[in-house]
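Okay, structure first, notes after.
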Amino acid sequence: MIEPKNCPRCGVVFLPVTDKICKECVIAEEETYEKVRTYVRDNPHQGLQAVADACNVSVKRLLVYLQDGRLHASEGMDGELTCSKCGVSIRTGRMCERCILDVSFTVKDMKQQAEDRARISGKYHTTK
Ligand SMILES: [Zn+2]
Ligand SMILES: [Zn+2]
């Protein structure tokens, strides 16, 4: 059972079947995205701010596209998108390839560490 709700983008009441925003907004969002994608393809030397101005979208929105991997930074955007872990300039996504590899290792390590810590604190609790 899907409850009708207000579209967070335009406020209209709709049934959130597949999307979090209403159909009108999905179409509008797609159009915006297409506009941005085409503009970046045709103007590869523009920075984020210039693209935002030309396409009438916010820089924040462009960063979301980049982080989601829907948009690849062009030459003009070098340095605008950075790895959330080590800060190097990246073209798409949230982290550079090295850090992505790193994280997949670290997650395993962290799990191990958490288990170790749990064991140690467990000891402390029992000796108290
Ligand atoms: Zn809407
Ligand atoms: Zn990195």
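In region 21-33, the residue that is farthest from ligand 1 (Cβ to nearest atom) out of those that are exposed (fewer than 15 other Cβ atoms within 10 Å of the Cβ) and among the hydrophobic types (A, V, I, L, M, F, W, C) is Ile27. One residue stands out among those in region 74-92 that are touching a helix residue (DSSP H, G or I) at 6+ places or on another chain (Cβ under 7 Å) and among the charged types (D, E, K, R): the one that is farthest from Arg61 (Cα to Cα), which is Lys85. Listed by first and then second residue, the pairs with beta-carbon distance under 6 Å, at least 6 apart or on different chains, first residue in region 86-101 and within 7 Å of ligand 2 (Cβ to nearest atom), second assigned to a helix (DSSP H, G or I), are Cys86/Cys99. Could you tell me whether region 16-31 includes any residue that is at positive phi and not charged (D, E, K, R)? No - not one qualifying residue is present in region 16-31.
A quick yes/no check of all residues on (1) within 13 Å of ligand 1 (Cβ to nearest atom); (2) modelled with pLDDT of 95 or more; (3) assigned to a loop (DSSP other than H, G, I, E, B):
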residue: Glu3; (1), (2), (3): no, no, yes
residue: Asp19; (1), (2), (3): yes, no, yes
residue: Lys35; (1), (2), (3): no, yes, no
residue: Thr38; (1), (2), (3): no, yes, no
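Of everything in region 40-53 that is of a type outside the set (A, V, I, L, M) and in a helix (DSSP H, G or I), the residue that is nearest to ligand 1 (Cβ to nearest atom) is Asp53. Please verify whether region 91-98 includes one or more residues that are part of a helix (DSSP H, G or I), over 29 Å from Lys20 (Cβ atoms) and not β-branched (Val, Ile, Thr). Checking region 91-98: at least one residue is part of a helix (DSSP H, G or I), over 29 Å from Lys20 (Cβ atoms) and not β-branched (Val, Ile, Thr).
The values are calculated or read from the model by the stated rules, or taken from the named source; none is laboratory data. The shown structure was predicted, so the numbers you read here are calculated from the model rather than taken from an experiment. When we count neighbours, we look across all protein chains shown, and the Cβ atoms used for this are built from the backbone with ideal geometry, even at glycine.
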